[in-house]
1. For Leu67, are the conditions met, namely being of a type outside the set (Lys, Arg), closer than 16 Å to Leu137 by Cβ, touching a strand residue (DSSP E or B) at 6+ places or on another chain (Cβ under 9 Å) and outside any strand (DSSP E or B)?
2. Considering only the range 96-122, state which residues are touching a His at 6+ places or on another chain (Cβ under 9 Å) and modelled with pLDDT under 95.
3. Asp19 - would you say it is surrounded by fewer than 17 Cβ atoms within 10 Å (Cβ to Cβ) and touching a residue at least 60 places away in the same chain (Cβ under 8 Å)?
4. When both residues are 6+ apart or on different chains and their Cβ atoms are under 9 Å apart, which pairs have a first residue that lies in the range 81-95 and is closer than 15 Å to Leu117 by Cα and modelled with pLDDT of 95 or more, and a second that is surrounded by fewer than 19 Cβ atoms within 10 Å (Cβ to Cβ) and β-branched (Val, Ile, Thr)?
5. Does any residue of the range 105-123 turn out to be closer than 20 Å to Val26 by Cβ, over 15 Å from the mean Cα position of the chain (by Cα) and not in a strand (DSSP E or B)?
6. For Ala131, state whether it is out of contact with any Phe, Trp or Tyr (no Cβ under 6 Å at 6 or more places or on another chain), among the aliphatic types (A, V, I, L, M) and outside any helix (DSSP H, G or I).
7. Examine the range 32-48 for a residue that is surrounded by 12 or more Cβ atoms within 10 Å (Cβ to Cβ) and either of a type in the set (Ser, Thr, Tyr) or at pLDDT 95 or above (or both), and state whether such a residue exists.
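The values are calculated or read from the model by the stated rules, or taken from the named source; none is laboratory data. The model shown is predicted, which means the values in this text are computed figures rather than measured ones. Note that we place each Cβ from the backbone using ideal geometry, even for glycine, and neighbour counts take in every protein chain shown.
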Amino acid sequence: MDRRDTFDVFYSYSHRDADLRGELDVHLALLKRQAVIRTWWDGEIQAGQEWSPEIFGRLEKADVILLLISPDFIASDFCWSKEMTRAMERHEAGTARVIPVLLRPVDNWQKAPFGKLQALPPGSKAVTEHANRDVALRDVAAGARSGASSKRCGAVILPGAPASLSLSSTNSAGIGRAGFPNATAWFTASTKRTSS
């Protein structure tokens, strides 16, 4: 696969959730091995590099921005005021897709700026609320796989959506000019080859 067909995925998370971020990254390993996605987190900043320009450079380059939501994410001024704010600006502009991933329960998260986006895992139940964390993280990875497959095909047909929502003109991130109506549609978009 051509590396230009690979999604750049940026993790926005609180350092207090580093273990959960690591667990999610393990579940995304097959997609990374298949060059479907390439993930980045601030732990990859090299000694001697300036962290702020590196973080924001990666945030600007990302096709997909995973907001790893937890009480600590909400409480972090850096996550909230810097990363999440810029991520939502890019989402609104259609230059990136923001996907909230609920790691730990947060009261009233739907009232946050990202609350209008469909969150993962499916059902908006936090990863730590599942009896088996691996099942929740597997579901997040499965959503990523579905979304990545839609990137490689011609038109994206949203399940049950009117034909007007089919996106045949996409940018390098596989995002149509009209964007996707929500994260679940992006992650679970079914694909069909269309004749041009």
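1. So Leu67 fails the test.
2. Scanning the range 96-122 gives Arg97, Val98, Leu117, Pro121.
3. no
4. Glu89/Thr95
5. Checked against the condition, which is being closer than 20 Å to Val26 by Cβ, over 15 Å from the mean Cα position of the chain (by Cα) and not in a strand (DSSP E or B), the range 105-123 yields no hits at all.
6. yes
7. So far as the range 32-48 goes, yes, one or more of its residues are surrounded by 12 or more Cβ atoms within 10 Å (Cβ to Cβ) and either of a type in the set (Ser, Thr, Tyr) or at pLDDT 95 or above (or both).
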